[in-house]
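Undergrad: Have a look at this one before I ask anything.
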Amino acid sequence: MGFIGRQLKRTQAITGLTTTLIRGFGAAYRVGAFGDEPPRDKLPPHIQAFCRQMAGSFGVQVVQVAPIPQRHGLWVSNHVSWLDIPVVGSVAPVFFLSKAEIGEWPIFGRLAKAGGTLFIKRGSGDTGSVSEQIAKFLQGGSSVVFFPEATTTDGKQIKKIYGKLLQASMDTGLPICPMVIAYVDKDGKLSDDAAYYGNRTMVDSLKRVADNGQITAYVLPLDAINPANKTQKELTAILQSAMEEGLARLHAQVVTA
């Protein structure tokens, strides 16, 4: 791709992202999400629409390999890229976790608050552990998603899963709802451009995704895991196995080259 082609795609991505943010603010105002407490019961369809538009602004098409159950629970996904957030958010009725300081950012922080994001408190002054905060959120009727690998990968395999936050499922009795994502390019290969790992900066990653413009994000839901009568260690092992098998199955279905 030549210089002009790259600049055109980047301009299209910036324009699309700007339009998405404007629409997001508009939807938030319409549902009254800028108050002290956003109306989380009304937000999921608006969040899903916003996330679909955000992925689309970078030329990323989101495909559900099987219908994603719209169930209440503790959702988990493999972690390949910053793209995972709009991809997961476009298909599942979830709210996201974030560091508390991001809520103070002028544009994205304000929109994240309006979108019902759970801002995690850390350090001195904590009202409880992160898992306790998630459990309280779940008990209030809001589903949460987190990435148990705790870091991004190249998307080829599942790294070691850290199961500490699965305690929230144990404390509430709500199911763990796993899904796996595979980013595939126009040639049917796993997209290295989509992956955000190693020494890549966010700017580098944004440029790679925008320049590609033809990435498909395939999402496969896995069977829900009932936490009853299981230890955290047992749940972690079950989830590790399920996600490894699920990702291998997804790759066999959608990677053709």
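Undergrad: For M170, are the conditions met, namely being among the aliphatic types (A, V, I, L, M), surrounded by fewer than 23 Cβ atoms within 10 Å (Cβ to Cβ) and not in a loop (DSSP other than H, G, I, E, B)?
TA: Against the criterion (among the aliphatic types (A, V, I, L, M), surrounded by fewer than 23 Cβ atoms within 10 Å (Cβ to Cβ) and not in a loop (DSSP other than H, G, I, E, B)), M170 qualifies.
Undergrad: May I ask you to list the residues in region 1-38 that are open to solvent by less than 40 Å² (accessible area, probe 1.4 Å), out of contact with any His (no Cβ under 7 Å at 6 or more places or on another chain) and without any contact (Cβ under 8 Å) to a residue 40 or more places away in the chain?
TA: Of everything in region 1-38, those that are open to solvent by less than 40 Å² (accessible area, probe 1.4 Å), out of contact with any His (no Cβ under 7 Å at 6 or more places or on another chain) and without any contact (Cβ under 8 Å) to a residue 40 or more places away in the chain turn out to be G5, T20, G26.
Undergrad: Please indicate, with yes or no, whether at least one residue in region 171-184 is more than 25 Å from Q64 (Cα to Cα), touching a Ser or Thr at 6+ places or on another chain (Cβ under 8 Å) and at pLDDT 95 or above.
TA: Yes, the conditions are met somewhere in region 171-184.
Undergrad: Can I ask one more? Exactly one condition in (1) modelled with pLDDT under 90; (2) part of a helix (DSSP H, G or I) is false for A27; which is it?
TA: (1)
Undergrad: A follow-up question, please. Can you tell me which of S90, S77, S81, S98 is surrounded by fewer than 20 Cβ atoms within 10 Å (Cβ to Cβ) and either at positive phi or under 16 Å from the mean Cα position of the chain (by Cα) (or both)?
TA: Of S90, S77, S81, S98, the one residue that is surrounded by fewer than 20 Cβ atoms within 10 Å (Cβ to Cβ) and either at positive phi or under 16 Å from the mean Cα position of the chain (by Cα) (or both) is S98.
Here is a yes/no grid of residues against (1) modelled with pLDDT under 90; (2) open to solvent by 40 Å² or more (accessible area, probe 1.4 Å); (3) outside any loop (DSSP other than H, G, I, E, B):
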site: G109; (1), (2), (3): yes, no, yes
site: R122; (1), (2), (3): yes, yes, no
site: G125; (1), (2), (3): yes, yes, no
site: G128; (1), (2), (3): yes, no, no
site: I134; (1), (2), (3): no, no, yes
site: F137; (1), (2), (3): no, no, yes
site: S142; (1), (2), (3): no, no, no
site: P148; (1), (2), (3): no, no, no
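The values are calculated or read from the model by the stated rules, or taken from the named source; none is laboratory data. Note that the structure is predicted; figures quoted are calculated from it, not measured. Here the Cβ is made from the backbone with ideal geometry for all residues, glycine too, and neighbour counts use every protein chain on show. Just the protein is used for accessible areas: all its heavy atoms, side chains included, with ligands, DNA and RNA removed. Shrake-Rupley method; radii C 1.70, N 1.55, O 1.52, S 1.80 Å.
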